[in-house]
Amino acid sequence: MKLTNASGGLALAALAAFASPSVMAQDSNWYGGLNVGRSAAKIDDARINSNLLNGGFSSSAIADDDRSTGFKVFGGYQFNKNFAVEGGYFDLGRFGYTATTVPAGTLNSSIKLRGLNLDLVGMLPLSEKFSVFGRAGLNYAQARDTFDGTGAVQVNNASPRKNDTNYKLGLGLQYALSESLAVRAEAERYRVNDAVGNRGHVDLFSVGLIYRFGGKAQPPAPRMAAVEPVREVVVATPPPPVPEPAPRFEKYALSATELFAFDSAELRVQQPKLDEIASAIGGNREVNEVVITGYTDRIGSDKYNQKLSERRAMAVKAYLVGKGVESSRLKAQGKGEADPVVVCSDKKLPALIQCLEPNRRVEVEKITIERRVP
């Protein structure tokens with residue numbers, strides 16, 4: 001039996017992302033998942049007939065069993081938004097055929113394919129939740145063939161086996177349901193050898209779930225600066241008019257890693273720092289013109305970073321409004337990768353991402369507190 005092409009070629013659309021990331025990278029994450037789907041192979045009936053003729057037989061009919069159920073269990077590590085490595089175990093199912101021969105008899109054959117794989121995965125985000133990805137890697141597969149004959153057909157080796165390493169390719173779509181859970185739909189092609197000298201492909205079309213484990217530890221939340229109280233002045237007689245003191249300005253810089261999930265402008269559920277800021281603003285009606293500014297690092301395109309910084313600033317504003325602060329007292333703006341806090345020269349991407357972390361921030365500033373002496 002020979003497994004040959006079962007469908008058209010699969011394009012590896014996201015491999016360009018390996019060399020030059022196009023969007024801002026933040027966290028790195030371990031993840032795991034499970035895919036289940038339909039596997040397909042094409043049985044080479046012409047090769048079967050040729051082998052039968054070499055043995056002195058001809059076939060009057062061949063019934064192919066070229067569809068099965070396959071699955072894979074995998075784990076991976078995502079270095080940034082565009083690059084990950086995955087490894088796991090796969091089972092492509094069982095395929096086979098039954099050939100009715102002349103002289104009278106039958107030849108029955110089946111093959112089971114399972115093994116391990118290691119892939120490089122390139123990802124291209126299309127939105128905050130939706131991505132397309134491609135993969136290229138190696139599979140180490142075990143082929144277990146089974147042959148038996150009836151009537152005039154005699155089988156010399158009924159259970160040949162073979163282990164071999166070949167390439168595999170794939171293409172898919174991914175949608176993030178939440179910070180930790182995502183769904184995938186993908187098509188993969190496994191190059192395989194059977195145990196009797198034939199080589200071909202098996203395609204697996206599957207859907208699955210991914211669970212993303214916790215990323216790196218978050219830095220401690222910045223402490224809010226205390227506002228020095230104004231001393232009360234007691235005089236015996238009405239004092240002459242005193243000019244109003246100059247406004248005081250406080251600025252709070254909040255880590256984007258603390259506020260948001262990986263590649264997202266949606267705030268995490270617990271935000272004690274923003275709750276503290278909302279309480280301070282809401283409890284003092286003299287606080288006006290609060291400016292919320294989002295910043296990114298320099299990794300990725302200027303256009304993407306600008307949009308992301310604006311969305312994150314708007315998310316912080318919406319949160320404060322939801323806590324009772326009037327929208328008219330708040331102004332949200334994004335400055336992309338402008339005004340960096342640190343400058344880094346690291347060459348390797350993981351080290352550069354870590355070094356640039358202080359630049360990924362949201363600042364709440366220019367809180368004007370006016371105090372008048374009656």
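Since every read-out is calculated from the coordinates, none of them should be taken as a lab result. In this text, all values refer to a predicted model and were calculated from it rather than measured experimentally. Glycine also receives a Cβ, built like all others from the backbone with ideal geometry; neighbour counts cover every protein chain displayed.
Quote the charge dipole size of the range 114-200 about the Cα centre in Debye, to the nearest 20; the model charges only the Cβ of Lys and Arg (+1) and of Asp and Glu (-1).
Its charge dipole is roughly 160 debye.
Taking amide H atoms as placed 1.01 Å from N in the peptide plane, list the residues 5 or more away in sequence, or in a different chain, whose amide H sits under 5 Å from that of Gly336.
Hits under the 5 Å cutoff: Thr296, Ser309, Glu310.
Karplus couplings for the range 319-331 from phi (6.51 cos²θ - 1.76 cosθ + 1.60, θ = phi - 60°), rounded to Hz, Gly and Pro as x?
Each residue's phi maps through the Karplus curve to give 5, 5, 4, x, 8, x, 7, 4, 4, 5, 8, 10, 10 Hz.
Place a +1 charge on the Cβ of each Lys and Arg in the range 252-369 and a -1 charge on the Cβ of each Asp and Glu, then give the dipole magnitude about the Cα centre in debye, rounded to the nearest 20.
So the magnitude is around 200 debye.
Sorted from largest to smallest, which semi-axis lengths in Å does the alpha carbon gyration tensor of the range 3-212 give for its equivalent ellipsoid, taking the root of 5 times each eigenvalue? All intermediate terms of the calculation are to be shown ahead of the outcome.
On the way: eigenvalues 336, 40, 37 Å².
So the three semi-axes of the range 3-212 are 41, 14, 14 Å.
Dipole of the range 47-205, Cα-centred, from +1 at each Lys and Arg C-beta and -1 at each Asp and Glu C-beta, to the nearest 20 debye?
200 debye
Just to check I understand the Karplus step: with θ = phi - 60° and J = 6.51 cos²θ - 1.76 cosθ + 1.60, what whole-Hz values come out for the range 270-287, glycine and proline as x?
9, 9, x, 5, 5, 4, 5, 5, 4, 5, 5, 6, x, x, 9, 5, 7, 7
Taking θ as phi - 60°, what are the ³J(HN,Hα) couplings along the range 156-172 by the Karplus curve (6.51, -1.76, 1.60), each to the nearest whole Hz, with x for Gly and Pro?
Once θ is set to phi - 60°, the couplings for the range 156-172 become 7, 10, 7, 9, x, 9, 7, 10, 8, 10, 9, 8, 8, 10, x, 8, x Hz.
Students often check this: by mean Cβ neighbours within 10 Å, which of 133-143, 276-286 ranks highest, and how do the rest follow?
Numbers: 133-143: 19.2, 276-286: 14.9.
Most protected by this proxy first, the peptides run 133-143, 276-286.
Picking from Tyr31, Val73, Val153, whose Cα lies most toward the positive end of the charge dipole for the range 3-212 (charges on Cβ: Lys, Arg +1; Asp, Glu -1)?
Farthest towards the positive pole: Tyr31.
Order these by the 10 Å Cβ neighbour count, fewest first: Met314, Met123. Write out the running numbers ahead of the final one.
On the way: Met314 16, Met123 23.
Ordered from fewest to most neighbouring Cβ atoms within 10 Å, Met314, Met123 come out as Met314, Met123.
Which chymotrypsin sites (Phe, Trp or Tyr not before Pro) does the range 144-213 hold that lie in a coil by DSSP with at most 14 other beta carbons within 10 Å?
Qualifying residues, ordered by number: Phe213.
Just how many pairs of Lys in the range 252-369 have C-alpha atoms closer than 12 Å, counting pairs that are eight or more places apart or on different chains? Write out the running numbers ahead of the final one.
On the way: Lys303/Lys335; Lys307/Lys335; Lys317/Lys331; Lys331/Lys366.
Counting lysine pairs in the range 252-369 gives 4.
In the range 252-369, what % of DSSP beta bridges are antiparallel (nearest 5)?
Bridges in the range 252-369 that DSSP calls antiparallel: roughly 70 percent.
What residues have an amide H closer than 5 Å to that of Arg94, excluding those fewer than 5 places away on the same chain, when H is modeled at 1.01 Å from N in the peptide plane?
Long-range HN contacts for Arg94: Thr69.
Given H placed 1.01 Å from N in the peptide plane, which residues other than close sequence neighbours of Gly105 have an amide H under 5 Å from its amide H?
It is Ala152, by chain and number.
Dipole of the range 252-369 (Lys/Arg Cβ +1, Asp/Glu Cβ -1, origin at the Cα centre): which of Ala315, Gly300, Val290 lies farthest to the positive side?
In the range 252-369, that residue is Gly300.
Using a Cα-Cα cut-off of under 27 Å, which lysines could be cross-linked to Lys168, ignoring same-chain neighbours fewer than 8 residues away?
Lys2, Lys42, Lys72, Lys81, Lys112, Lys129
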